[in-house]
């Protein structure tokens with residue numbers, strides 16, 4: 001009887017990356033933000049309020065405030081990236097990355113049926 005082959009162990013650099021930044025499940029708020037970015041909107045810094053960012057919702061025609069912590073998590077996961085503004089005195093913005101686009105367009109999580 002032959003034993004099944006064991007998968008090769010991950011290289012140290014691969015396992016360290018996975019352990020340091022595990023992919024988190026996408027929250028409703030994160031999905032909404034990524035969808036706005038997918039539609040071409042950008043997240044902007046707010047000069048007078050470092051605890052928040054803003055994204056202009058073209059569909060509603062108004063800006064929406066976002067906690068900086070939410071933007072930070074999206075950036076750490078690699079779903080968005082900062083676009084530094086090279087003009088003096090201008091604020092940075094964030095845009096959707098290829099992995100962010102993939103997770104945005106991927107299947108939505110299904111709701112489990114409520115327990116009886």
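Points to keep in mind about this one:
- Single match in 22, 50 (criterion: on the phi < 0 side of the Ramachandran plot and modelled with pLDDT of 80 or more): 50
- Considering residues of the range 77-86 that are modelled with pLDDT of 90 or more and part of a loop (DSSP other than H, G, I, E, B) only, the residue surrounded by the fewest Cβ atoms within 10 Å (Cβ to Cβ): 78
Results for (1) in contact (Cβ under 8 Å) with a residue 40 or more places away in the chain; (2) touching a helix residue (DSSP H, G or I) at 6+ places or on another chain (Cβ under 6 Å); (3) not in a helix (DSSP H, G or I), shown as yes or no for each residue.
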residue	(1), (2), (3)
37	yes, no, no
49	no, no, yes
56	no, no, yes
60	no, no, yes
63	no, no, yes
75	no, no, no
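The values are calculated or read from the model by the stated rules, or taken from the named source; none is laboratory data. Note that the structure is predicted; figures quoted are calculated from it, not measured. Quick reminder, even Gly has a Cβ in these numbers, built from the backbone with ideal geometry, and neighbours come from all protein chains shown.
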